[in-house]
Amino acid sequence: MSEHALPASVRVALWATESFADGSSLLNLPPKALPGIDLVQGLIAPLTAWRDLGEPAVLVALPRPGALGGLPSGTPELLAAATAAQECVLAPGLGSVLVPRLETYGPEGDQGWSARWESFDAQPIPVHRVEALDLGQTELVLRQELAVLTEELLRVGAPPLAAEEGMRGLRRRMSSGHGPWGLPGGLPPRVLRVIDLAGTVLALADAGLEPGQESVDVSSTGRRAVLLSRLRDLATAALADAANVGALHLSRRP
């Protein structure tokens with residue numbers, strides 16, 4: 001899987017909602033939504049049931065420990081699974097959640113990726129909460145915070161070449177178009193811009209927080225970790241908001 005891939009649940013939410021809206025077969029969903037996944041289990045049957053029960057849109061939550069990110073209230077098992085996966089899709093009106101477990105399988109040198117989706121019951125989420133989101137404000141705050149945090153990151157010393165190149169690329173994305181994420185057509189331009197920028201930031205922040213990316217200076221390493229965690233939280237929230245606004249838009253297309 002590409003290190004720059006969007007979370008699986010973001011792609012599934014958007015492609016599933018498009019299938020709900022146009023009546024296309026959900027059997028075609030995995031290759032469109034999860035092109036890097038070789039084996040998908042536990043996804044099609046629940047999504048089919050959601051559509052048959054009248055759910056118009058599939059939404060996404062990207063919870064992390066300490067930041068539930070739109071995860072509906074549910075059992076301790078749901079909370080544990082969703083925060084471990086750091087993503088899930090949900091049927092807001094039905095109160096049902098699917099959490100993926102992404103794993104490699106197969107012998108060394110010939111491994112593939114599998115996604116096994118587990119179903120959980122949860123409390124319904126009023127869709128008006130998503131309808132009330134101001135994506136213009138989300139984009140403005142994202143860009144303003146990024147400008148500040150990226151400058152601070154460069155001052156405290158990121159890992160040499162990769163971080164500098166990543167920050168230059170991030171600046172280019174802040175001032176230009178969106179990238180090829182392979183999402184459904186017909187999404188509003190602002191939704192695409194925020195998904196692209198937030199997805200790129202999330203990939204950079206996650207890569208920067210991996211072991212082995214520390215600075216030589218201990219205090220700089222600590223400050224860098226704080227800044228990268230802030231970037232990751234900011235990008236995660238913006239990405240979920242943009243995906244959900246996009247899903248509602250797809251569900252209401254004529």
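The values are calculated or read from the model by the stated rules, or taken from the named source; none is laboratory data. Quantities reported herein were computed from a predicted structural model and do not represent experimental measurements. Quick reminder, even Gly has a Cβ in these numbers, built from the backbone with ideal geometry, and neighbours come from all protein chains shown. When the accessible area is computed, the model is the full protein with side chains, heavy atoms only, and any ligands, DNA or RNA have been set aside. Shrake-Rupley method; radii C 1.70, N 1.55, O 1.52, S 1.80 Å.
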With residue 120 itself left out, Lys, Arg at +1 and Asp, Glu at -1 over residues whose Cβ is under 14 Å from its Cβ give -2
Rounded to the angstrom and largest first, Cα extents along the principal axes for the stretch 31-114 equal 43, 34, 18
Give the residue list of GluC sites (Glu not before Pro) in the stretch 1-103 that are DSSP loop and have at most 15 other beta-carbon atoms within 10 angstrom.
3
Between beta-carbons, use under 12 Å as the cut-off and find the net charge around residue 94, counting Lys and Arg +1, Asp and Glu -1.
-2
When the accessible area of the stretch 1-118 is split by element with a 1.4 Å probe, what percent falls to carbon and sulfur?
53 percent
Whose amide H sits under 5 Å from the amide H of residue 69, counting only residues 5 or more places off or on another chain, with H placed in the peptide plane?
64
Protection proxy (average C-beta count within 10 Å per residue), highest first, orders 241-248, 52-59, 200-207 as 241-248, 200-207, 52-59
Counting only Cα, what are the radius of gyration and maximum Cα-Cα distance Dmax of the stretch 1-147, in Å?
15.9, 48
